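Written out below as structure tokens is the structure these notes cover.
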Amino acid sequence: MSVLPKELPELPVLITKADVLDHAARQISRMADHIGLHVTVVDAFGGEVSGDAGRILDHIKASLPAPDLQIAAAREAAKLLHHLAAEDRILSARVAAEAARREPTRG
């Protein structure tokens, strides 16, 4: 019996700082989506669930203080990280262009 899953998750290739920032922004955006999903579940079932399911629902509710603020903060953070990634790419392109301009031609 193998302990490895049949398919391993595909790992992102993060070569530059901008790649890392974009990846982090996507992860934060997914977190905001998951918070929204939890809110939807809580709203859909309300207080109508008892037993184990009710305890799970109570746990979800307890982990969601001010979900609208959490979602907004996560979305804004993701935007900021995407913006920083774009700035880093622009800066890298400028540095590369300047280096190419200063490099003497061969031949």
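The values are calculated or read from the model by the stated rules, or taken from the named source; none is laboratory data. Worth saying up front: this structure is predicted, and the values here are computed from it rather than measured. Quick reminder, even Gly has a Cβ in these numbers, built from the backbone with ideal geometry, and neighbours come from all protein chains shown.
The lone criterion from (1) aliphatic (A, V, I, L, M); (2) assigned to a helix (DSSP H, G or I); (3) over 26 Å from the mean Cα position of the chain (by Cα) left unmet by Val42 is number (3). For segment 15-30, check the following and say yes or no: at least one residue is at pLDDT 85 or above, surrounded by 11 or more Cβ atoms within 10 Å (Cβ to Cβ) and not in a helix (DSSP H, G or I). Scanning segment 15-30 turns up at least one residue that is at pLDDT 85 or above, surrounded by 11 or more Cβ atoms within 10 Å (Cβ to Cβ) and not in a helix (DSSP H, G or I).
A count restricted to segment 61-90 and to residues that are surrounded by 15 or more Cβ atoms within 10 Å (Cβ to Cβ) and either more than 28 Å from Val20 (Cα to Cα) or modelled with pLDDT under 85 (or both) stands at 1. Checked against the criteria, Thr105 does not count as out of contact with any His (no Cβ under 7 Å at 6 or more places or on another chain), in contact (Cβ under 8 Å) with a residue 60 or more places away in the chain and loosely packed, with under 13 Cβ neighbours inside 10 Å. Just so you know, in segment 52-67 the residues that are part of a helix (DSSP H, G or I) and touching a residue at least 12 places away in the same chain (Cβ under 8 Å) include one that is nearest to Asp88 (Cα to Cα), and it is Pro67. All of (1) part of a loop (DSSP other than H, G, I, E, B); (2) exposed (fewer than 13 other Cβ atoms within 10 Å of the Cβ); (3) not aromatic (Phe, Trp, Tyr) hold for Val49 with one exception: (2).
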